[in-house]
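Right, one structure below, let's go through it.
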Amino acid sequence: MALITTKEMFKKAYEGGYSIGAFNISNLEQLQGVLEGAKAKNSFVMIQASKSAIEYAGINTLVAMVKTASDEIGVDVALHLDHGPDFETVKKCIDAGFTSVMIDGSHHDFETNVKMTKEVVDYAHSKGVVVEAELGVLAGVEDDVVADSHVYTEPDEAVEFVERTGVDSLAIAIGTSHGAFKFKGEAKLRFDILEEIQNRLPGFPIVLHGASAVDQESVATCNKYGGDIAGAKGVPVDMLRKASSMAVCKINMDTDLRLAMTAALRKFMAENPSVFDPRKYLAVGRDAIKMVVEDKIDNVLGSENSAK
Ligand code: G3H
Ligand code: 13P
Ligand code: ZN
């Protein structure tokens, strides 16, 4: 088993009308939960880590852990840098063994974003690594960057951006946002923008960030056992399915895993006050993540048996 790029998985996903789940991790149990879920469903998945997650785990520890777990659990997996802020961070990840990187120049002006992305594409491609970029701005918080409102992706700009940078996939802004509080009123995504980009860039893989569904049962469990999460709302599952059946080949989910793990841990701790062996409670969090990943593969991504 090995760390692989996204080339084959995205091609199959595009042609098959499904998506690959990209799940954020920063520790061993999250990693094992995702890989075990993928294994159970015979599905491709991507493991992704943000700059702050990499700082938390240690870059070499993270790469070694993903490689070894992929081998031990028996799944090929792409290891991806999520929201790479600059060339230096991206280069460090490529040099450490990541097979896929994101350069996120979405908060810069168009020309700067093109320049940043092109520089990363040239380096990454020379090392056999694939690149995701972002155009348009998602509302909410991404690592250290906060945006108050969406700036939807312009299809004309998307075409020009892809042509000028040679990027392998593109994250677009159609109304999703990061975190657990995505919509105040009714959920709405701009499928018209996705459709136009798909028509103008046929066969090109599109990425959807901020795509957690924010399971209300997990939120309720967190709150029942001492949590304080009010007004959380995610992207409806039917909208995610629709996006998967279109040009979206990669769906990013972090919040749903955090909520599931936290709910499981809070419940376990409350019900087992005498347990203090971390393996006992962390295994419960790991199992919760495995279940979420399996559910996503079945009900959101449609990627079961993609790794065959
Ligand atoms: O897009 C943001 C991801 O959810 C990563 O979040 O920077 O807290 O690791 P993080
Ligand atoms: P969520 O916050 O919706 O899980 O999105 C995660 C994400 O887009 C990571 O890049
Ligand atoms: Zn994101």
Kindly provide the set of residues from segment 210-240 that are under 20 Å from Arg266 (Cα atoms) and polar (S, T, N, Q), ordered by number. Gln216, Ser218, Thr221, Asn223
Looking at the structure I just gave you, is Val300 open to solvent by less than 60 Å² (accessible area, probe 1.4 Å) and either over 30 Å from Leu170 (Cβ atoms) or among the aromatic types (Phe, Trp, Tyr) (or both)? no
When residues of segment 26-58 are filtered for being without any contact (Cβ under 8 Å) to a residue 40 or more places away in the chain and part of a loop (DSSP other than H, G, I, E, B), how many remain? 3
Selection within segment 194-230 - open to solvent by 60 Å² or more (accessible area, probe 1.4 Å) and under 28 Å from Ala49 (Cβ atoms): Asp215, Gln216, Glu217, Asp228
Hey, among Thr89, Thr61, which residue is of a type outside the set (A, V, I, L, M), within 16 Å of ligand 3 (Cβ to nearest atom) and in a helix (DSSP H, G or I)? Thr89
List pairs: first in segment 221-243 and free of Cβ contacts under 8 Å to residues at least 60 places away in the same chain, second of a type in the set (D, E, K, R) and open to solvent by less than 60 Å² (accessible area, probe 1.4 Å), Cβ under 6 Å, 6+ apart or cross-chain? Lys233/Lys182; Gly234/Lys182
Give segment 48-60 a look and list any residue that's open to solvent by less than 40 Å² (accessible area, probe 1.4 Å) and within 12 Å of ligand 2 (Cβ to nearest atom), or say none. Gln48, Ala49, Ser50, Ala53
Answer with yes or no whether Ile251 is under 25 Å from His178 (Cα atoms) and in a helix (DSSP H, G or I). no
Exactly one of these conditions fails for His107: (1) part of a loop (DSSP other than H, G, I, E, B); (2) without any contact (Cβ under 8 Å) to a residue 40 or more places away in the chain; (3) surrounded by fewer than 19 Cβ atoms within 10 Å (Cβ to Cβ). Give me its number. (2)
Positions within segment 64-86 being assigned to a helix (DSSP H, G or I) and open to solvent by less than 20 Å² (accessible area, probe 1.4 Å), in sequence order: Val66, Ala69, Ser70
Within segment 42-64, does at least one residue satisfy the condition of being out of contact with any His (no Cβ under 8 Å at 6 or more places or on another chain) and over 24 Å from Ala124 (Cβ atoms)? yes
Of the criteria (1) in contact (Cβ under 8 Å) with a residue 24 or more places away in the chain; (2) surrounded by fewer than 15 Cβ atoms within 10 Å (Cβ to Cβ), which one Phe181 fails: (2)
From the option list Asp122, Asp148, single residue qualifying as open to solvent by 10 Å² or more (accessible area, probe 1.4 Å) and within 30 Å of Thr68 (Cα to Cα) is Asp122
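Kindly evaluate Glu8 against the criterion of being under 19 Å from Leu208 (Cβ atoms), surrounded by fewer than 18 Cβ atoms within 10 Å (Cβ to Cβ) and out of contact with any Leu (no Cβ under 9 Å at 6 or more places or on another chain).
Taking the combined requirement at face value, the residue does not satisfy it.
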Looking only at residues in segment 251-301 that are within 16 Å of ligand 1 (Cβ to nearest atom), out of contact with any helix residue (DSSP H, G or I) (no Cβ under 7 Å at 6 or more places or on another chain) and not acidic (Asp, Glu), which one is nearest to Asp82 (Cα to Cα)? Asn252
Output the residues belonging to segment 183-216 that are closer than 22 Å to Met102 by Cα and within 14 Å of ligand 2 (Cβ to nearest atom). Ile206, Val207, Leu208, His209, Gly210, Ala211, Ser212
If you go through Thr153, Thr176, the only one that is touching a residue at least 40 places away in the same chain (Cβ under 8 Å), open to solvent by less than 10 Å² (accessible area, probe 1.4 Å) and within 30 Å of Asn223 (Cα to Cα) is Thr176
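The values are calculated or read from the model by the stated rules, or taken from the named source; none is laboratory data. Everything numeric here is computed off the predicted structure, so don't read it as measured data. Cβ: placed from backbone, ideal geometry, glycine included. Neighbour counts: every protein chain shown. Ligands, DNA and RNA are excluded from the accessible area calculation, which covers all protein heavy atoms including side chains. Shrake-Rupley method; radii C 1.70, N 1.55, O 1.52, S 1.80 Å.
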